[in-house]
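Asker: Have a look at this one before I ask anything.
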Amino acid sequence: MNEFQVMFKEGLVGYDGAGEPYLKASRCPKCGKYFFPAREFCTECYCEQMEPAALSREGELYTYTVVSIGVKGFPTPYILAWITFPEGPRIVAQVDCDPEQAGRLRTGMKMRLEVGCLRVLEDGTEVMGYKFKPLFS
């Protein structure tokens, strides 16, 4: 990131040794359930000794929508999707895909994690965050 970029929320994204992003999660050592964002205790079995964990870089598209009327500061249209990870969590995020290509998206298709610009503030600062790129076959 440069001086004109900020993360929308710190502590959600980490980078591996190759510089590839991953989502910082937590895993319960007692029941094995994963959580994103990371939690301090397990809401499944109430264990209070969570372990740090990383989610896979790829998930599957569960469902999506094209947002035509969005929140102030987010240029529309954009695609918003639910992504399911092999570890279990399902999260919502923007999709890095031209909204006119939304018809090519299919439930169950692979989506790859990336970090990109979610919106631009009035002073030109880019607000960065996690989003997903469809892996069209």
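Asker: Kindly provide the set of residues from region 1-45 that are closer than 25 Å to residue 133 by Cα, open to solvent by 60 Å² or more (accessible area, probe 1.4 Å) and β-branched (Val, Ile, Thr), ordered by number.
Answerer: 6
Asker: In region 96-115, how many residues are open to solvent by less than 60 Å² (accessible area, probe 1.4 Å) and either part of a loop (DSSP other than H, G, I, E, B) or out of contact with any Phe, Trp or Tyr (no Cβ under 8 Å at 6 or more places or on another chain) (or both)?
Answerer: Selection size over region 96-115: 6.
Asker: Scan region 55-65 and tell me whether some residue there is open to solvent by 50 Å² or more (accessible area, probe 1.4 Å) and either of a type in the set (Phe, Trp, Tyr) or farther than 18 Å from residue 135 by Cα (or both).
Answerer: Scanning region 55-65 turns up at least one residue that is open to solvent by 50 Å² or more (accessible area, probe 1.4 Å) and either of a type in the set (Phe, Trp, Tyr) or farther than 18 Å from residue 135 by Cα (or both).
Asker: Taking region 69-95, which residues are polar (S, T, N, Q), modelled with pLDDT under 95 and either open to solvent by 80 Å² or more (accessible area, probe 1.4 Å) or within 15 Å of residue 23 (Cα to Cα) (or both)?
Answerer: Within region 69-95, no residue meets the criteria.
The values are calculated or read from the model by the stated rules, or taken from the named source; none is laboratory data. Small disclaimer: the values here were computed from a predicted structure and weren't measured. Backbone-built Cβ (ideal geometry, glycine too); neighbour counts: all protein chains shown. SASA here: full protein model, heavy atoms, side chains in, ligands and nucleic acids out. Shrake-Rupley method; radii C 1.70, N 1.55, O 1.52, S 1.80 Å.
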